[in-house]
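Values quoted throughout were computed directly from the atomic coordinates according to the rules given, and no laboratory measurement underlies them. Keep in mind the model is a prediction, meaning the values are calculated, not measured. Heads up, the Cβs are rebuilt from the backbone with ideal geometry, glycines too, and the neighbour counts pull from every protein chain shown.
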Amino acid sequence: MENYNFEKVTVLITGGAGFIGSNLCDFFVQKNCKKVICLDNFSTGKKKNINHLINKNNFTLIQGDIRDLDTCQKACQNIDFVLHQAALGSVPRSIKDPITTNDVNISGFLNMLIASRDQNVNRFIFAASSSTYGDSSSLPKVEEVIGKPLSPYAITKYVNELYASIFKFSYDLDYVGLRYFNVFGRRQDSESVYAAVIPNFVKKLINHESPVINGDGIYSRDFTYIQNIVQMNVLAMTTKNEKAINTIYNAAGGQRTNLLELIILIKSSLSKFDNQIKNINTIHGPIRDGDIPHSLASIEKAKTLLGYKPLYNVELGIKESIEWYCKNLV
């Protein structure tokens with residue numbers, strides 16, 4: 001990756017105004033890619049996430065929906081690599097509204113595959129999900145062993161993997177799928193009713209409110225800082241190792257943290273900005289539907305085939321995230 005010539009490359013990032021997508025846009029614009037296209041319908045993405053890029057010569061915003069095939073075809077024209085991040089996340093949202101989740105995550109995904117095939121895209125990199133592991137209780141999670149999906153969202157993300165595989169088989173479209181594990185970091189939405197646990201906790205504590213832990217707090221996750229995810233996408237895009245493509249990887253930190261430990265880390269970092277936060281108590285609520293007790297990724301496959309080396313552990317990632325939230329939420 002160090003010697004890769006980004007200046008000759010054109011990249012399309014779907015969902016590019018979202019949390020992960022905007023961080024990817026930042027990277028490729030800063031690397032002086034020939035062209036960086038952001039496709040977003042702003043259903044969950046935010047214009048403010050990419051405002052600083054709008055006037056860059058190599059950046060183009062297309063406001064459009066992946067559920068429209070014509071939009072996908074136009075966005076994929078003269079594109080070397082697609083980094084498909086657009087999706088409706090959240091297990092609870094998918095349980096409440098499975099139809100829209102299916103339309104975006106499966107029909108929209110299929111549109112992007114068709115457009116990538118038709119426009120001769122070199123490689124299709126996409127956001128898969130750790131939810132695909134479903135009810136599998138084995139730890140750490142290895143890519144080849146999955147269980148039964150526990151939510152409509154999990155089903156859609158598994159179907160994405162199947163579709164990518166069949167497009168390679170049927171049309172020779174190269175792909176790499178990255179199963180994201182609880183990604184966190186700057187720009188992660190704290191306003192949504194479906195806000196992820198870390199921005200939710202941070203917002204509550206900054207406002208001197210008690211964060212709510214679902215369950216007893218012993219449930220654990222492989223919380224993965226955004227810069228590790230950017231690295232994984234870039235490695236998936238730039239690798240020249242034939243054995244490293246047309247497969248699925250865990251995109252994670254390889255470190256397990258339970259919710260009680262997470263609260264301690266967040267309160268410790270926030271207390272440096274506001275000493276009163278350390279005295280705020282937490283509240284325990286019911287376990288969410290579709291939640292699995294524990295999640296921990298094996299990252300050996302990514303290390304071996306892609307040369308992945310996580311640059312951030314949870315502690316460092318929380319520290320940097322808190323610095324960003326304190327500047328942008330206060």
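Before moving on, here are some points about what is shown:
- Under the simplified labelling scheme, the His284-Ser271 pair shows an inter-label distance of 2.2 nm, with each label point 7 Å from Cα along Cα→Cβ.
- Which of Thr224, Thr101, Thr247 has the fewest Cβ neighbours within 10 Å, and the rest in rising order: Thr247, Thr101, Thr224
- GNM result for the chain, Cα springs below 10 Å: residue of Tyr163, Tyr225, Tyr133 fluctuating most strongly: Tyr163
- Cα-based helix-to-principal-axis angle, 109-118 vs the chain, degrees rounded to 10: 30
- Proximal lysines to Lys168, defined as alpha-carbon separation beneath 26 angstrom and excluding residues fewer than eight positions away on the same chain: Lys8, Lys35, Lys74, Lys141, Lys148, Lys157, Lys240, Lys243, Lys301, Lys303
- Sum of side-chain charges, Gly185 neighbourhood, beta-carbon under 13 Å (Lys, Arg +1; Asp, Glu -1): -1
- Electrostatic bookkeeping for Asn122 treats Lys and Arg as +1 and Asp and Glu as -1; over the other residues with beta carbon under 10 Å from its beta carbon, the sum is -1.
- Computed from the Cβ-Cβ distance with R0 of 56 Å, the FRET efficiency linking Gln63 to Ser138 stands at 0.85.
- If the chain linking His208 and Lys48 were pulled fully straight, counting 0.36 nm for each residue of separation and taking away their Cα-Cα distance, it would gain 55.0 nm.
- Straight Cα distances below 27 angstrom link Lys204 to the lysines Lys46, Lys47, Lys48, Lys96, Lys267, Lys272, Lys278, Lys319, Lys327, with same-chain residues fewer than 8 positions distant left out.
- Within a Gaussian network of the chain (alpha carbon springs, distance under 10 Å), most fluctuating of Gly253, Gly215, Gly64: Gly215
- Angle between the chain longest axis and helix 197-206 axis [Cα atoms, degrees, rounded to 10]: 50
- Taking 0.36 nm per residue of separation and subtracting the current Cα-Cα distance, fully stretching the chain between Glu300 and Asn3 would add 104.6 nm.
- Angle of helix 259-271 to the longest C-alpha principal axis of the chain, folded into 0 to 90 degrees and rounded to 10: 80°.
- Residues whose placed amide H lies under 5 Å from that of Ile62, excluding near-sequence neighbours: Cys38, Leu39, Asp40
- With a cut-off of 17 Å on the backbone N, the residues of the range 287-330 near the modelled label site 7 Å out from Glu261 along Cα-Cβ are 293-299, 312-319.
- Look at where the Cα atoms of the range 160-235 and of the range 7-72 average out, and the two centres are 19 Å apart.
- Compared with the rule-of-thumb size 2.2 N^0.38 Å for a compact globular protein, the range 141-220 has a Cα radius of gyration ratio of 1.50.
- Put simply, when 270-282, 308-320, 196-208, 6-18 are sorted by average Cβ atoms within 10 angstrom per residue, most first, you get 6-18, 196-208, 308-320, 270-282.
- Fraction of beta bridges assigned by DSSP in the chain that are antiparallel (%, nearest 5): 5
- Placing pseudo-labels 7 Å out from each Cα toward the beta carbon at Asp70 and Ser165 gives an inter-label distance of 3.5 nm.
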